[in-house]
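The values are calculated or read from the model by the stated rules, or taken from the named source; none is laboratory data. Owing to the predicted nature of the structure, the values given are computational and were not obtained by experimental measurement. Here the Cβ positions follow ideal geometry from the backbone for every residue, glycine too, while neighbour counts run over all protein chains shown. To get the accessible areas, we keep the full protein, side chains included, count just its heavy atoms, and leave off ligands, DNA and RNA. Shrake-Rupley method; radii C 1.70, N 1.55, O 1.52, S 1.80 Å.
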Amino acid sequence: MLKLIKTEEEYRTALKRLGELFNAPAGTPESDECDVLALLVGAYEDEHYPIGEPDPIETIKIRMEEMQLKQIDLAEAVGGKSRVSEVLNKKRKLTVEMIRNLSVLLHVSVNSLIADYQLTR
């Protein structure tokens, strides 16, 4: 019987069962159980293992990888090749103009680029 996952032991048991059911043929009771179990596991993980939003620089790097872009591809949006390097290495903060340009170029929300982050020394 399926129920909310409340302990780490129940979580591990649910993961094991989810692995057993993962390739169940669609439309079978096992497939239905797998779907419900995945929701329960997901809810437990969201509560106990939250994944924070990436900082703006990580967001840029993720989109660069997804879009197969190189640093030079951001040069016009950021203000030059050396400035891209400074930004990606957290030596320089993003400006409002850079955020606007990168939002358009990378197809990301400006909200994902405006969060504060620490510069490296």
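Annotations for the structure displayed:
- Its relative contact order, with pairs defined as Cα atoms under 8 Å and 6+ residues apart, puts the chain at 21 percent.
- Between Glu10 and Glu86, the FRET efficiency from the beta-carbon distance, with R0 = 35 Å, is close to 0.15.
- Eligible lysines near Lys16 by straight Cα distance, threshold 17 Å, same-chain separation 8 or greater: Lys3, Lys6
- Net charge dipole size for the stretch 1-60 [Lys, Arg +1 and Asp, Glu -1 on Cβ; Debye, nearest 20]: 280 debye
- Extension gain from Asp32 to Thr120, taking 0.36 nm per residue of separation minus the Cα-Cα distance: 26.8 nm
- Overall dimensions of the chain, expressed as equivalent-ellipsoid semi-axes from the Cα gyration tensor (√(5λ), whole Å, largest first), are 43, 17, 11.
- Candidates Lys90, Lys16, Lys61, ranked by Gaussian network fluctuation over the chain, Cα under 10 Å, top entry: Lys16
- Expressed as a whole percent, the accessible surface of the stretch 1-114 that belongs to carbon and sulfur atoms is 54, based on a 1.4 Å probe.
- Measuring r between the beta carbons of Gln71 and Asp46 and using R0 = 30 Å, the FRET efficiency lands at 0.30.
- Surface accessible to a 1.4 Å probe, per residue, for the residues of the chain, Å²: 71 Å²
- Restricting the stretch 1-110 to chymotrypsin sites (Phe, Trp or Tyr not before Pro) in coil, as DSSP defines it, with at most 16 other Cβ within 10 Å: Phe22
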